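Everything below concerns the one structure shown next.
The values are calculated or read from the model by the stated rules, or taken from the named source; none is laboratory data. Just so we're clear, the structure is a prediction, and the values are computed from it rather than from any experiment. Cβ sites come from the backbone with ideal geometry, for glycine too, and all protein chains shown count toward neighbours. Note: accessible area is taken over every heavy atom of the protein model, side chains too, but ligands, DNA and RNA are not part of it. Shrake-Rupley method; radii C 1.70, N 1.55, O 1.52, S 1.80 Å.
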Amino acid sequence: MKRLSFLALATFAACGTPQEQCISRNTRDLRTVDRLIKESEGNLARGYAVETVTVYESYWTTCERPAPAGQPAPPPRLCLDERPVTETRPKAIDLKEEARKLESLKEKRKELARQAEKVIAACKAQYPE
């Protein structure tokens, strides 16, 4: 019972304080826009975008065969299976459009940062540490 209590306490402690949870929950859009800004700046610096694609590659593996009732199991055999593989590939982009998108994201970030200041202050007031 003590182990279970400790495990539950450790799980909740890893999630952050109520203040951190409040700030994180209310600034999610700002973090998303920051991520998109970094991606767009990287695209402009490289001159192309990078897309992530999942492809499936075949491989040989050992397959077990069911045994008929009352019979010993037959020996395993080789069979073909597939596994997902994630690849990154270059993708052509319109650099002027990407620059416009970046400027738009920066404007949106300023707006979200202003809103976040109020939310962060409210979270700190509601959940002082």
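Brief remarks on what is shown
- Look at the Cα gyration tensor of region 44-129: its axes a ≥ b ≥ c give a/c of at least 1.5 with a/b at or below b/c, and that counts as oblate.
- The 1.4 Å probe gives accessible areas that order 80, 44, largest first, as 80, 44.
- Counting only alpha carbon atoms, the long axis of helix 28-46 and the longest principal axis of the chain meet at about 80°.
- Straight-distance candidates among the aspartates and glutamates for linking to residue 108, with alpha-carbon spacing under 14 Å and chain neighbours fewer than 8 residues away dropped: 29, 34.
- CD proxy at 222 nm, helix term only [per DSSP H run n ≥ 4: -39500 (n - 2.57); per residue of the chain; nearest 500]: -19000 deg cm²/dmol
- Take every Cα pair under 8 Å whose residues are at least 6 apart in sequence, average their separation, divide by the length of region 62-127, and the relative contact order is 18 percent.
- Rounded FRET efficiency, nearest 0.05, which uses the C-beta distance separating residue 125 from residue 53 and R0 of 35 Å: 0.15
- For the pair residue 45 and residue 80, the difference between a 0.36 nm per residue extended length and the Cα-Cα distance amounts to 8.4 nm.
- Cα shape, region 80-129, gyration tensor, a/c 1.5 rule: oblate
- Inter-site label distance for residue 91 and residue 32 at 7 Å from Cα along Cβ, in nm: 1.7 nm
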